[in-house]
């Protein structure tokens, strides 16, 4: 088998795995009223190209004096040198993060987690389903596949947001719609602008427009708010995609990222080292998966 | 492994001699409770004491310590301020607990803070007599063959001294004249007799075999809710458990500056905020969910991962929990589908 364009190597483990390296914010702008886009590079520029990662991995991000929390990487390893993040202001740490300006620094250590099994997904069709902020980790795999387009079969991208104004990376995805090697379907729950030309309805309404799906040859990749999973999984399973080829990436509280602090445990799994990418077969029976009871009613 | 023999009356002399390696700590009684204390000699120790309130994990992984000092420039690792210590009188269950901590902290992403303290702490084990809460027979941790530097088996007139590490051997070499290698038939008979006798001393009745499949079967059992009715979510079980390793990380900031420390402190999955993510979503909001995580992690998940439970039968949860939720009552409740009084 020929190698991927970008070599996905595991990074050398540091002497102190908890040591954050300093990175500089090089770009920062709002995507919506409460979500910012951040671009960062290592303060030590020589380190920039050494930072390799897989789509679906995350880093622990530190703000001096505030603390540390896990964040998905939104950029693709096929575009090395810079890391990109798509972050919602939702707690004290992100509150402070939003006050940081370009050229100010933050701490980063990682990357952590398993990431998506890109090698296994080669030659397969891939269907990505993003809801709201779920686009944060999924933009990484989407860009990665577009940058290595020959390696994958049909690529479909489904993205739902509440309103056009709340659709993250809206302009970027509008441009992607122009591409012929990608099926990009966008929807909003409701259009408050009157100018929205795409679909209206929850993300599962897009399934009608999928066309024929070669289910056994397809990987589905899903990330979104807890409430979305139940409905999306029903649709994806109904298409006939094997449960071990349905992938989801989960969010949990983390204090270490390396399987020590215990916080991200889901039964016998640690989200930080066993995940954050899990297959639907791995987790479908878990009650604590996406909030209590949410997975109870999902199809077995 | 090297096994030596030592007259019991020589122990004080030996302990006095090895103090030049580092601080000597041993079990003492304080206000009726047993605790590890820094001592000068054997006479200050109470070797009859069973379990200490807090297991010796606190020496390798303190309840709170500083990982980094930080300022605007970044984070500087805080290492090197750990004293050299000799812990005497550690029981087999607690050595098994440390072996489990070793797996968690030294394998895959080695934790430099734990590693440094483990390196600078010598473990001198001592045999023990089970009391009414000990249940190490049920977890196969009643004897120990590794993890210590020296282990002293008390056979009335003398000690059999098991030398478990090169550092342990270095201690022996400080007073080689106190030890001899003349082990014979009688020593083997005495030792196996001691093992047989120890096995007759347990008073707790508990059987932990089959817990992984029984817990799996009882995952949705109302027994968890019934236990949760009693649970106070106080987290004491985590503090006293030799295998509870969970921690929180907090950044402390000096008032009026951007300098401060990043500290690690013990945490418990029994606490409500343990699983809360930014925005307020709590994956284990219900006390029953948290209680189940604690017990299934020890007696089900850990067995799946490491082939043995993360319970070493020390009896601290039995002694500590104010509402009698412990390994014995929980495993029994799940099996019998009834919460005892």
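Being touching a strand residue (DSSP E or B) at 6+ places or on another chain (Cβ under 7 Å), within 14 Å of residue A:32 (Cβ to Cβ) and without any contact (Cβ under 8 Å) to a residue 60 or more places away in the chain is the filter here, so list the residues in the range A:168-188 that pass it.
Passing the criteria: A:173, A:188.
If I go through the range A:212-258 residue by residue, how many of them are touching a strand residue (DSSP E or B) at 6+ places or on another chain (Cβ under 8 Å) and surrounded by fewer than 19 Cβ atoms within 10 Å (Cβ to Cβ)?
Final tally of qualifying residues: 8.
Of the residues that make up the range B:18-40, is at least one in the same structural domain as residue B:179 (by TED's automatic domain parsing) and in a helix (DSSP H, G or I)?
Checked against the condition, which is being in the same structural domain as residue B:179 (by TED's automatic domain parsing) and in a helix (DSSP H, G or I), the range B:18-40 yields at least one hit.
Mind listing just one residue for me: the one in the range B:191-216 that is touching a residue at least 60 places away in the same chain (Cβ under 8 Å) and in a helix (DSSP H, G or I) and, of those, surrounded by the fewest Cβ atoms within 10 Å (Cβ to Cβ)?
B:199
Scanning for something exposed (fewer than 15 other Cβ atoms within 10 Å of the Cβ) and not assigned by TED's automatic domain parsing to the domain that holds residue B:136, does the range B:289-304 turn up at least one residue?
Taking every residue of the range B:289-304 in turn, at least one turns out to be exposed (fewer than 15 other Cβ atoms within 10 Å of the Cβ) and not assigned by TED's automatic domain parsing to the domain that holds residue B:136.
Out of everything in the range A:51-97 that is assigned to a loop (DSSP other than H, G, I, E, B) and within 12 Å of another protein chain (Cβ to nearest Cβ), what residue ends up being nearest to residue A:32 (Cα to Cα)?
Checking each candidate, the answer is A:89.
Among the residues of the range B:251-284, count how many are within 30 Å of the chain's Cα centre (by Cα) and surrounded by fewer than 16 Cβ atoms within 10 Å (Cβ to Cβ).
Residues that pass the stated criteria total 4.
Identify all residues within the range B:207-221 that are over 20 Å from residue B:100 (Cβ atoms) and within 14 Å of chain A (Cβ to nearest Cβ); write none if there are none.
Correct list: B:213, B:216, B:217, B:218, B:219, B:220, B:221.
All but one of (1) at pLDDT 95 or above; (2) more than 10 Å from every other protein chain (Cβ to nearest Cβ) hold for residue A:107; which doesn't?
Against the list (1) at pLDDT 95 or above; (2) more than 10 Å from every other protein chain (Cβ to nearest Cβ), residue A:107 comes up short only on (2).
Evaluate the following for residue B:183: is it touching a helix residue (DSSP H, G or I) at 6+ places or on another chain (Cβ under 9 Å), away from chain A (no Cβ under 14 Å) and either outside any strand (DSSP E or B) or under 19 Å from residue B:321 (Cβ atoms) (or both)?
Judged against the criteria, residue B:183 is not a match.
Would you say residue B:125 is part of a strand (DSSP E or B), under 19 Å from residue B:58 (Cβ atoms) and out of contact with any helix residue (DSSP H, G or I) (no Cβ under 9 Å at 6 or more places or on another chain)?
Answer is no for this residue.
The values are calculated or read from the model by the stated rules, or taken from the named source; none is laboratory data. Computed from a predicted structure; not experimentally measured. Virtual Cβ from ideal backbone geometry, glycine too; neighbours counted across all protein chains shown.
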